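Reviewing the structure listed below.
The values are calculated or read from the model by the stated rules, or taken from the named source; none is laboratory data. Everything numeric in this text was worked out from a predicted model, so none of it was measured. Reconstructed Cβ throughout: ideal geometry from the backbone, glycine too, with neighbour counts over all protein chains shown. For accessibility, only protein heavy atoms count, side chains too; no ligands or nucleic acids. Shrake-Rupley method; radii C 1.70, N 1.55, O 1.52, S 1.80 Å.
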Amino acid sequence: AGEGETADLTFEATTFGEVLAREVETGGREKKQKPPQDEAEIWNQIKQKVTALHSQWDQLEPDLMQKKVPAAVIGKFEDELDSLTLFSTAQDGPSILRSANQLTGYLYQLMASFVEDPIPLTYEFKYHLRKILLHAASGAYDLAGENLAYMQEQKAALTMALEDKKASALEAEFSASLDNLQRALDKQNFDLVKVNAAVVMENLALILQAIE
């Protein structure tokens, strides 16, 4: 996809709201909230959340250093957080989406120092699923396919954990949802991609409940 295609990327186009709402509802940890309708309030909330991220990171970083998390991972997270801050100040919606998701990509690497697989892998899958949406929204179905191919290659670690938890039905549902998402990508139909990505996200949330 060219630069002009990604310039029109919006929150609505990626339907992160729909997919993430499915994740939150399944997780049962938060109440679903309607986003504000006023554009100024939306940007104000984004800036508040980014500021809160900085505060949380300042509290977490000493613990990460004590755990001897690789400095390279910490540095990448900090650089991306700075980028996210600049994008929110510039009210650059497409770049905010990409940067925020990239932060989650570094988060699962940070988690590896605190918790054992397959929990970090599950969060890595969420990162790749959001990447699939971002790529598909801009018409880059080849790149979206690469992210899904990685998930297919790595899913054995998750399915083994589910076997240990005697959750074979969930294992089968997860595998089927990945296959259905592949078919949607093959058809290059973004509406189908959105629907099937939401199902995959729901299954990932259920997997986390089963293995945590």
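Keeping all protein chains in place, calculate the accessible area per residue for region 106-191 (probe 1.4 angstrom), answer in Å².
Values: 4150 Å² over 86 residues.
For region 106-191, the per-residue accessible area is 48 Å².
In nm, to one decimal, how far is the modelled label at Asp142 from the one at Ala90, with both set 7 Å along Cα→Cβ?
In this crude label model, Asp142 to Ala90 measures out at 2.7 nm.
Calculated FRET efficiency, Gln209 and Ala172, Cβ-Cβ r, R0 22 Å, to nearest 0.05?
On the way: r = 17 Å, r/R0 = 0.76.
The formula returns an efficiency of 0.85 here.
Just add up the charged neighbours of Leu170: K/R +1, D/E -1, any other residue whose Cβ is under 14 Å from the Cβ of Leu170. Could you put the intermediate results ahead of the total?
Values: positive: Lys155, Lys165, Lys166; negative: Glu163, Asp164, Glu171, Glu173, Glu202, Glu212.
With Lys, Arg at +1 and Asp, Glu at -1, the net is -3.
Mean shadow of region 111-153, computed from the convex hull of its alpha carbons, in nm²? List each step's numbers first, then the result.
Numbers: hull surface 11.8 nm².
Its average projected convex-hull area is 3.0 nm².
Keeping the other protein chains in place, figure out the carbon and sulfur percent of the accessible area of region 78-130, with a 1.4 Å probe.
Working: 1210 of 2250 Å².
On region 78-130, the fraction of accessible area on carbon and sulfur atoms equals 54 percent.
State, to one decimal in nm², a quarter of the convex hull surface area for the C-alpha atoms of region 58-111, i.e. the direction-averaged projected area. Spell out each step's value before the answer.
On the way: hull surface 14.3 nm².
Mean shadow area of the hull around the Cα atoms is 3.6 nm².
Cα centroids of region 138-212 and region 46-72: how far apart, whole angstrom?
Answer, in whole Å: 29.
Can you compute the modelled spin-label distance between Arg183 and Gln154, with each label point 7 Å from Cα toward Cβ, in nm?
Between Arg183 and Gln154, the simple spin-label model gives 2.6 nm.
How far apart, in nm, are the 7 Å Cα→Cβ label points at Gln45 and Phe114?
For Gln45 paired with Phe114, the spin-label model returns 2.5 nm.
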